[in-house]
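Taking it in order: structure first as structure tokens, then the write-up.
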Amino acid sequence: MNAITVQKLDEQALNDQQVFSWPMWTKEVSRFNWHYGEVETCCFLEGHVIVETDQEHVTMGKGDFVTFSKDLSCVWDIKEAVKKYYCFS
């Protein structure tokens, strides 16, 4: 499994996963280190981000459904302010 997966899901698939009931997170343009202690699944409503790992740089933003694997260490480089639904599991 990739450390980061980016997908496009239709509204029905998002509803099936109850995405619109998840908490929302917003963040201004910034750059910071992050470590995932759990799997995070999120759906971007706004923004443009490049997430950097030792193996890859992954671009994501509005309309993307993203999964970050547990124990992933990365750098978030937020180019445009982010607004997303998220869920940890």
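Only the coordinates and a few stated rules stand behind these numbers; no lab work does. In this text, all values refer to a predicted model and were calculated from it rather than measured experimentally. Methodologically, a virtual Cβ is constructed for each residue, glycine included, from the backbone with ideal geometry; neighbour enumeration extends over all protein chains shown.
A few points about this structure:
- Given (1) of a type in the set (S, T, N, Q); (2) touching a residue at least 24 places away in the same chain (Cβ under 8 Å); (3) not in a strand (DSSP E or B), number of the condition ASN15 does not satisfy: (2)
- Any hit, segment 56-72, residues being without any contact (Cβ under 8 Å) to a residue 40 or more places away in the chain, in a strand (DSSP E or B) and touching an Asp or Glu at 6+ places or on another chain (Cβ under 8 Å): yes
- Hey, GLY47 part of a strand (DSSP E or B), within 11 Å of the chain's Cα centre (by Cα) and either exposed (fewer than 11 other Cβ atoms within 10 Å of the Cβ) or on the phi > 0 side of the Ramachandran plot (or both) or not: yes
- Complete set of residues in segment 8-23 that are surrounded by fewer than 12 Cβ atoms within 10 Å (Cβ to Cβ) and touching a strand residue (DSSP E or B) at 6+ places or on another chain (Cβ under 9 Å): LYS8, GLN18, PHE20, SER21, PRO23
- Index of the failed condition, ALA3 passing every other in (1) surrounded by 17 or more Cβ atoms within 10 Å (Cβ to Cβ); (2) without any contact (Cβ under 8 Å) to a residue 40 or more places away in the chain; (3) of a type in the set (Gly, Ala, Ser): (2)
- Output for segment 50-73, where each listed residue is buried (at least 16 other Cβ atoms within 10 Å of the Cβ) and either of a type in the set (Gly, Ala, Ser) or under 23 Å from GLN18 (Cβ atoms) (or both): MET60, GLY61, ASP64, PHE65, VAL66, THR67, PHE68
- THR26 meets all of the listed conditions (1) out of contact with any Lys or Arg (no Cβ under 6 Å at 6 or more places or on another chain); (2) exposed (fewer than 12 other Cβ atoms within 10 Å of the Cβ) but one, namely (1).
- Residue identified as more than 15 Å from GLN7 (Cα to Cα) and in contact with a helix residue (DSSP H, G or I) (Cβ under 8 Å, 6 or more places away or on another chain) among PHE20, PHE32, PHE65, PHE88: PHE20
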